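Student: Take a look at this one; I'll ask things after.
The values are calculated or read from the model by the stated rules, or taken from the named source; none is laboratory data. Remember, predicted model here, so these are calculated numbers, not experimental data. For neighbour counting, all protein chains shown are included, and Cβ atoms are generated from backbone atoms with ideal geometry for every residue, glycine included. Side chains included, ligands, DNA and RNA excluded: accessible areas come from the protein's heavy atoms. Shrake-Rupley method; radii C 1.70, N 1.55, O 1.52, S 1.80 Å.
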Amino acid sequence: SHIAHEIDFTCLRYFRRKPSENKKEVPSATVVNLSTTFGEDDETSKFATRYLQTTHCDLFFADAAILVEGHSERMLIPHFVRHHYPELDKSYISLLEIGGSHAHRLRPLIESLGLLTLVVTDLDSIGKNDRKKVVPKRNKEYRTGNNTLKSWIPKETDLDKLLVFSDDKKQSEDKTVRVAYQCSVSVKNKEGGDEQEAIPYTFEDALVLTNMSLFKDMNNATGLIKKLSDSLNESTLDKTCQTMFEALENGKKAEMALEILYRTDPQELNPPAYIAEGLKWLQEKLHVNRQDFLDPEKSKPGGSA
């Protein structure tokens, strides 16, 4: 990674592994000339080069990559992996923090490398006729303002459609890239009450709605955690979601993640559903990629493989 950091990006050659697809084949590799990766798009090429050289040149050596939206995801997703996805935890995963408005700029590089990639991003719901941020709701003709969802995967702006897309719709055509964004969850606003649907706006409120009992016990906290904890005492779930939305507009999200790590054993935190689905997909894909389709008899000690 140190060499890749120092050398001009266009001078690099990447040996892309091609797994065998049946027992008659052996794994092979193709060589990717990175000087042609971005075509004539100089601005995209400059951005990718500058970003990678200041952050993660280990991307070229990783088993897979996870692109995240912000500081909170970057700090907490490694804990989700460590405590809930043991096979994924044994893999070499490059975690890149890159906002939803820029993740799609790495598309040419990721597709050239053929790198398994999970893009964890936000719905970024906006109004029907303007770009004002709104609490996600169905049947309001709301849209997404997220450039990754609009221009890469699944190439959709309609919020109602995004909320009902199947797993296939959230993947690239070759099934090597998947997006994970907030989905509806069923929660009980009050003890003993009926389950109701809530649609998180961002990672932080999704985390709270997934771990409600844990956050209710944090009422002695300060800052953003205190506001989110207090929101769980609202009379209705709609009011809870609205209060969290308002608190997160100007809240210190990175500080919140650090406070969570200080106050809580990460093993007690459950990942939001959309992240859990994405990490499960990545773990299963890596498992398949490691299969070499070798004859099990020949692979035994003393065999002829």
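Student: Work out the charge dipole of the stretch 122-271 with +1 on the Cβ of Lys and Arg and -1 on the Cβ of Asp and Glu about the Cα centre, then indicate which of 231, 147, 211 is farthest towards its positive end.
Tutor: 147
Student: Between 84, 115, 15, whose Cα lies farthest towards the positive end of the dipole of the chain when Lys and Arg beta carbons carry +1 and Asp and Glu beta carbons carry -1, centred on the Cα centre?
Tutor: After comparing all options, I get 15.
Student: Additional query: What length, rounded to one decimal in nm, is gained on full extension from residue 236 through to residue 250, with 0.36 nm per residue of separation minus their alpha-carbon distance? Let's see the in-between values first.
Tutor: On the way: separation 14, 0.36 × 14 = 5.04 nm, distance 2.29 nm.
My answer for the length gained is 2.8 nm.
Student: Cα centroid distance between the stretch 158-236 and the stretch 70-84, in Å?
Tutor: A separation of 16 Å, based on Cα centres.
Student: Please report the carbon-and-sulfur percent of the accessible area for the chain; probe 1.4 Å, protein heavy atoms only, DNA, RNA and ligands left out.
Tutor: Details: 7500 of 16020 Å².
Here it works out to 47 percent.
Student: Moving on to the next point. From the phi of every residue in the stretch 88-94, what ³J(HN,Hα) in whole Hz does the Karplus formula 6.51 cos²θ - 1.76 cosθ + 1.60 yield, where θ is phi - 60° and glycine or proline is x?
Tutor: Coupling constants for the stretch 88-94: 5, 5, 7, 8, 8, 10, 8 Hz.
Student: R0 = 22 Å: FRET efficiency of residue 26 with residue 289, Cβ-based, nearest 0.05?
Tutor: Working: r = 15 Å, r/R0 = 0.68.
Efficiency, rounded to the nearest 0.05: 0.90.
Student: For 174, 158, give the ranking by accessible area with the largest first, probe 1.4 Å. Provide the component values of the computation, followed by the final result.
Tutor: Numbers: 174 90, 158 50 Å².
Heavy-atom accessible area, descending, gives 174, 158.
Student: A further question on this structure: How much accessible area per residue does the chain have, in Å², with a 1.4 Å probe?
Tutor: Averaged over the residues of the chain, the accessible area is 53 Å².
Student: Normalised by the residues of the chain, what does the relative contact order come to in percent, with Cα pairs under 8 Å and at least six apart?
Tutor: Values: 460 pairs, mean separation 54.8, N = 305.
After rounding, I find 18 percent.
Student: Between residue 165 and residue 226, what FRET efficiency follows from the Cβ-Cβ distance if R0 is 45 Å, with the result rounded to 0.05?
Tutor: Values: r = 35 Å, r/R0 = 0.78.
Computed FRET efficiency for residue 165 and residue 226: 0.80.
Student: May I pose another question? How about the stretch 86-169: which GluC sites (Glu not before Pro) there are in a DSSP loop, with at most 12 other Cβ atoms within 10 Å of their Cβ?
Tutor: Values: sites: 87, 97, 111, 141, 156; in loops: 141, 156.
Passing sites in the stretch 86-169 are 141.
Student: Further question on the same structure: Taking amide hydrogens as modeled 1.01 Å from N in the peptide plane, which residues meet the under 5 Å criterion relative to residue 32, leaving out close sequence neighbours?
Tutor: Amide H to amide H, under 5 Å and 5 or more residues apart or across chains, residue 32 pairs with 14, 15, 16.
Student: Using the basic label-point model (7 angstrom from Cα toward the beta carbon), what is the residue 11 to residue 139 distance in nanometres?
Tutor: Each label point is offset 7 Å from its Cα along the Cβ direction, giving 6.2 nm.
Student: If you take Cα Rg over 2.2 N^0.38 Å from the coordinates, which of (1) 1.17; (2) 1.10; (3) 1.04 do you get?
Tutor: (2)
Student: I've got another one for you. Over 29 Å between Cα atoms: which of 133/170; 188/227; 190/226; 140/227; 175/239; 170/216 fall into that group?
Tutor: On the way: 133/170 23 Å; 188/227 19 Å; 190/226 19 Å; 140/227 27 Å; 175/239 39 Å; 170/216 33 Å.
Distance filter (> 29 Å) returns 175/239; 170/216.
Student: Just to verify a number: what accessible area does residue 82 come out at with the full protein assembly present, 1.4 Å probe, Å² rounded to tens?
Tutor: Surface open to solvent at residue 82 totals about 120 Å².
Student: What are the residues whose amide H is under 5 Å from the amide H of residue 95, where those residues sit 5 or more places off or on another chain and H is modelled from the backbone?
Tutor: Hits under the 5 Å cutoff: 66.
Student: In deg cm²/dmol, rounded to 500, what helix-only [θ] at 222 nm does the chain give when every DSSP H run of at least 4 residues adds -39500 (n - 2.57) and the total is split over its residues? Write out the running numbers ahead of the final one.
Tutor: Working: 13 runs with 117 residues, N = 305.
-11000 deg cm²/dmol, from helical runs alone.
Student: What span do the alpha-carbon atoms of the stretch 165-217 cover on each of the three principal axes, reported in whole Å from largest to smallest?
Tutor: 44, 21, 14
Student: Once amide H atoms are placed 1.01 Å from N in the peptide plane, what residues at a sequence separation of 5 or more from residue 119, or on another chain, have their amide H within under 5 Å of its amide H?
Tutor: 67, 178, 179, 180
Student: Anyone know which of 144, 36, 121 comes out most mobile in the 10 Å Cα GNM of the chain?
Tutor: 36
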